[in-house]
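Asks: What follows is a single structure, and I will ask about it in a moment.
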Amino acid sequence: MILPRRFHQRDPVTLAKALLGQTLVRVLDDGERLAGRIVEVEAYLGVEDRAAHTCGGRRTVRNQSMWGQAGHAYVYFTYGMHHCMNIVADRPGVPTAVLLRALEPLEGIDTMRRLRSDKIASHRLRDADLCSGPAKLTQAMAIDRTLDGADLTRRGALFLEKAEGVEASRMVVCPRIGVGYAGEWATKPLRFYERGNENVSRKES
């Protein structure tokens, strides 16, 4: 079952927690399915959040998807080399989102390994290394700016399937990674991951 629009129409913190354990599916042009279980996310709270791309009401061609309807992908290019994928939360005009930080590979693992092996020899890539970071997972899943704005509530090249979520007792809550520039927002507990999962990008309790 594909997760419906109403699943995404909530504040980004609530959505972030609910996304843990759900399945991200990418269908390639040849019909092959790549899939991964979401095990690490970060919430971005929009206009007030100094770490968010829409801080202060910033609205650009790059972040336009964040201003739209919940359940769409916001994919951006960063540092001149990496793509990152977010899932838009809440409602139109409220620019919040959840960054996907890590997946546990489920389907299409050989293809993921090939997609990730441009700089690392494929035989050196463990399954747990394939999607253990926001740039790694987009590379492994062949996600780039062409999928920015994709509707994840419809079956297509990119969508979300319902799966068993992660119970609160198995969830680690801690500050986000790489947002030291955001002042007090850098220390807010807006990163969530599944405790003990080897696919997480960085362990922190």
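Asks: Under a GNM of the chain (C-alpha, springs under 10 Å), which listed residue has the highest mean-square fluctuation: I120, I143, I177?
Replies: I120
Asks: Under 5 Å between amide H atoms, partner at least 5 residues away or on a different chain: which partners does V75 have, H built in plane at 1.01 Å?
Replies: N86, D148, G149
Asks: If eta is 0.890 mPa s and T is 25 °C, what Stokes-Einstein diffusion coefficient results for the stretch 11-107, Kirkwood Rh from Cα pairs, in µm²/s?
Replies: 177 µm²/s
Asks: Counting only GluC sites (Glu not before Pro) that sit in a DSSP loop (anything but H, G, I, E, B) with at most 15 other Cβ atoms within 10 Å, what is the longest stretch of the chain containing none of them?
Replies: Result, exposed sites excluded: 33-163.
Asks: How would T96, T54 line up from fewest to most surrounding beta-carbon atoms within 10 angstrom?
Replies: T54, T96
Asks: Which of the chymotrypsin sites (Phe, Trp or Tyr not before Pro) found in the stretch 28-79 are loop residues per DSSP with 12 or fewer other Cβ atoms within 10 Å of their Cβ?
Replies: Loop-located and lightly packed - Y79.
Asks: Which trypsin sites (Lys or Arg not before Pro) from the stretch 74-144 combine a DSSP loop assignment with at most 12 other Cβ atoms within 10 Å?
Replies: The qualifying sites are K119, R126.
Asks: So what is the 222 nm mean residue ellipticity for the chain from helices alone, if each DSSP H run of at least 4 adds -39500 (n - 2.57) and you divide by all residues, rounding to the nearest 500 deg cm²/dmol?
Replies: -3000 deg cm²/dmol
Asks: Using unit Cβ charges (K, R positive; D, E negative) and no other charged atoms, how large, in debye to the nearest 20, is the dipole of the chain about its Cα centre?
Replies: Rounded to the nearest 20 debye, it is 260 debye.
Asks: Percent relative contact order of the stretch 5-194, based on C-alpha pairs within less than 8 angstrom and at least six residues apart?
Replies: 27 percent
Asks: Under the Kirkwood approximation applied to all pairs of distinct alpha-carbon atoms, what is the hydrodynamic radius of the stretch 5-194 in Å?
Replies: 16.5 Å
Bear in mind that the values in this text are calculations on the coordinates, not laboratory data. These numbers were taken from a predicted model, which means no experiment stands behind them. Don't worry about glycine lacking a Cβ; one is built from the backbone with ideal geometry, like all the others, and counts go over all protein chains shown.
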